[in-house]
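The values are calculated or read from the model by the stated rules, or taken from the named source; none is laboratory data. Predicted model, so just to flag it, every value in this text is computed and none were measured. Backbone-built Cβ (ideal geometry, glycine too); neighbour counts: all protein chains shown. Quick note on the areas: whole protein, heavy atoms, side chains included, nothing else; ligands and nucleic acids left out. Shrake-Rupley method; radii C 1.70, N 1.55, O 1.52, S 1.80 Å.
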Amino acid sequence: MPSSSEMVLLPTIPGIEQAKHILYRLFRDFDGCFHIRLWDGSEVHLGRDQPAFSLTFRSSKAFQELILARDPLRLADAYFRGLIDIDGDFYSALKLRHHLTSLQLSLMEKAKLAARAFRIKSEKTASTGSDTPKWAKTFGQKLGIHPSKELNRDAISFHYDVSNDFYALWLDEQMVYSCAYYEDASQSLEHAQHDKLDYICRKLRLKPGERLLDIGCGWGALICWAAEHYGVSAHGITLSQNQYDHAQRTIRQRGLEQKVSVELLDYRDLQGEAKFDKLVSVGMFEHVGLKNLPTYFAIANRLLKPGGLFLNHGITSDEGGWKKTVSTEFINRYIFPDGQLETVSTVQKIMEDAGFEVHDVEGLRQHYALTLREWVKRLDERHEEALKYVTEPVYRIWRLYMAACAMQFEEGNTGIYQILASRREPFSSPVPLTRRDLYRQPC
């Protein structure tokens, strides 16, 4: 640590000059090029090429807090509240986190930068932002490990009951909020989501007259598709009131009341044994919590008929145990209060321990990256419309969240897998000898 006299000897210069010195040091070795505009209108150009993006700091206090706290989540929070604006290539801006988290500074350098940050006076500046959204204070990481059904309902509502109209701005026409299935990257989102729904139905080898259960059915797209195109009787459950209401309307509009039903229900309240020929769960088990995964898969096993099939489609992590990181804290604080991810190998082990035989595992990581980039593009294009349904901070949260997730999938830190399984039984042959039937022309 430097002595107090070394700190005192720092030159007394205006706060803007202190800020510039800090920025030049922090990004001295940054492999890229961007532009920074400070709260007084002055500018800093970092790198030698054309800037890929620009950051605008609207508050000296926000800048000071970011330097002193050394917490990347403060940067995200400042963006949500409008204290920082990002223009240009949003994805390039998100790559700053890699530089900042890998930055190596000596104790001497840290102390000197902190001393400079302390010397930046808080100046009265206009801010376009607002206070931290109340949900960031109400919900925290504790929901991620709490088994309470009430808290699980609150967490689902927190994420999915934002506004159906908001989701409709950037999802496809059927409101499918999960990874699409692309034949090629140029395919439309609508086409890719149709293909995904049909691909799941083919993997389940659905037949007319069978009973299908969708655990976490979202807005009802899959159960309606399965009933219309494969003649099954489909039942879905959800904890989201908004999703339930939308699914009920869709069922009535399509005249599917005799084939499709949906209810507000926790998966742990599902009753009976061997009631369904096929089970599916898409993008739901991420909410279950690691401690509850054995219970979740045991219930699925109990509900499935002998010879039936269960397809679990969900996001996984490249590291087990959902350790505390910047990414996990961000997701639990702002997006999925109860979200926890596990490695695909651990998920398969838990499924096997619950009595399942795994038949097929398919990774769709690249597909989700494409899906997320398309969602972000659509959301950006309809920014003004989005503000009719959510506040600017909520819009920014979703924009950052989905863009960051796209990069996580592209980098390989996050995966997504469809795992097809059946109850483990002797002499059971629930799937064909080959996968040839999966690759026929979809509907």
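Here are some residues: G255, G220. Which one is open to solvent by 20 Å² or more (accessible area, probe 1.4 Å) and at pLDDT 95 or above?
Numbers: G220 fails: open to solvent by 20 Å² or more (accessible area, probe 1.4 Å).
Within the list G255, G220, the selection yields G255.
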(request) Read through the list (1) among the hydroxyl-bearing types (S, T, Y); (2) out of contact with any His (no Cβ under 8 Å at 6 or more places or on another chain); (3) modelled with pLDDT of 95 or more, then give the number of the only condition that T325 fails. (result) (3)
(request) For segment 178-207, enumerate the residues that are over 16 Å from R378 (Cβ atoms) and of a type in the set (D, E, K, R). (result) E183, D184, D195, K196, D198, R202, K203, R205, K207
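Please state which one of L169, L189, L206, L212 is open to solvent by 10 Å² or more (accessible area, probe 1.4 Å) and either closer than 23 Å to V394 by Cβ or touching an Asp or Glu at 6+ places or on another chain (Cβ under 8 Å) (or both). Please lay out each step first, then the result.
On the way: L189 fails: open to solvent by 10 Å² or more (accessible area, probe 1.4 Å); L206 fails: either closer than 23 Å to V394 by Cβ or touching an Asp or Glu at 6+ places or on another chain (Cβ under 8 Å) (or both); L212 fails: open to solvent by 10 Å² or more (accessible area, probe 1.4 Å).
Answer to the check: L169.
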(message) What's the total number of residues in segment 48-74 that are open to solvent by 70 Å² or more (accessible area, probe 1.4 Å) and in contact with a Leu (Cβ under 6 Å, 6 or more places away or on another chain)?
(response) 2
(message) Being out of contact with any helix residue (DSSP H, G or I) (no Cβ under 7 Å at 6 or more places or on another chain), modelled with pLDDT under 90 and either surrounded by 14 or more Cβ atoms within 10 Å (Cβ to Cβ) or in a loop (DSSP other than H, G, I, E, B) (or both): is that true of H35 here?
(response) no
(message) For the list (1) within 30 Å of V390 (Cα to Cα); (2) surrounded by fewer than 18 Cβ atoms within 10 Å (Cβ to Cβ); (3) among the acidic types (D, E), I need the number of the one condition that E183 fails.
(response) (1)
(message) List the residue pairs whose Cβ atoms are under 9 Å apart, where the first residue sits in segment 193-215 and is on the phi > 0 side of the Ramachandran plot and free of Cβ contacts under 8 Å to residues at least 60 places away in the same chain, the second is of a type outside the set (G, A, S) and open to solvent by 20 Å² or more (accessible area, probe 1.4 Å), and the two are 6 or more positions apart or on different chains.
(response) G209/D277
(request) Enumerate the pairs (first residue in segment 391-413 and under 11 Å from Y91 (Cα atoms) and at pLDDT 90 or above; second residue anywhere and charged (D, E, K, R) and open to solvent by 20 Å² or more (accessible area, probe 1.4 Å)) with beta-carbon separation below 6 Å, excluding pairs fewer than 6 apart on the same chain, so at least 6 apart or on different chains. (result) A406/R373
(message) All but one of (1) assigned to a strand (DSSP E or B); (2) closer than 25 Å to A111 by Cα hold for L73; state the number of the condition that does not hold.
(response) (1)
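Among the listed residues K207, K196, identify the single one that is closer than 25 Å to G415 by Cβ and at pLDDT 95 or above. It would help to see each step written out before you state the result.
Working: K207 fails: closer than 25 Å to G415 by Cβ.
Being closer than 25 Å to G415 by Cβ and at pLDDT 95 or above holds for just one of K207, K196, which is K196.
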(request) May I ask you to verify whether L113 is part of a loop (DSSP other than H, G, I, E, B), modelled with pLDDT of 85 or more and either open to solvent by less than 70 Å² (accessible area, probe 1.4 Å) or over 22 Å from L46 (Cα atoms) (or both)? (result) no
(message) I need the full set of residues from segment 178-204 which are closer than 15 Å to V280 by Cβ and not in a helix (DSSP H, G or I), in order please.
(response) S178, C179, Y181, L204
(request) Could you list all residues from segment 246-283 that are within 23 Å of the chain's Cα centre (by Cα), of a type outside the set (A, V, I, L, M, F, W, C) and not in a loop (DSSP other than H, G, I, E, B)? (result) H246, Y267, S281
(request) Count, please, the residues in segment 429-443 that happen to be part of a helix (DSSP H, G or I), in contact (Cβ under 8 Å) with a residue 24 or more places away in the chain and open to solvent by 20 Å² or more (accessible area, probe 1.4 Å). (result) 1
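Among what's in segment 355-405 and is touching a Gly at 6+ places or on another chain (Cβ under 9 Å) and farther than 16 Å from V162 by Cα, pick the residue that is least open to solvent (accessible area, probe 1.4 Å).
Narrowing segment 355-405 to residues touching a Gly at 6+ places or on another chain (Cβ under 9 Å): 363-365, 368, 392-393, 396.
Of the ones still in play, those that are also farther than 16 Å from V162 by Cα are 363-365, 368.
Working: G363: 47, L364: 2, R365: 89, Y368: 23 Å².
Among those residues, the one meeting the criterion is L364.
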(message) Can you tell me which condition P426 does not meet? The list is (1) open to solvent by 70 Å² or more (accessible area, probe 1.4 Å); (2) at pLDDT 95 or above, and all the others hold.
(response) (2)
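For S261, indicate whether it is among the small types (G, A, S), open to solvent by 10 Å² or more (accessible area, probe 1.4 Å) and in contact with a His (Cβ under 8 Å, 6 or more places away or on another chain). Explain how you work it out, then say what you get.
Numbers: among the small types (G, A, S): yes; open to solvent by 10 Å² or more (accessible area, probe 1.4 Å): yes; in contact with a His (Cβ under 8 Å, 6 or more places away or on another chain): yes.
For S261, the condition - among the small types (G, A, S), open to solvent by 10 Å² or more (accessible area, probe 1.4 Å) and in contact with a His (Cβ under 8 Å, 6 or more places away or on another chain) - is met.
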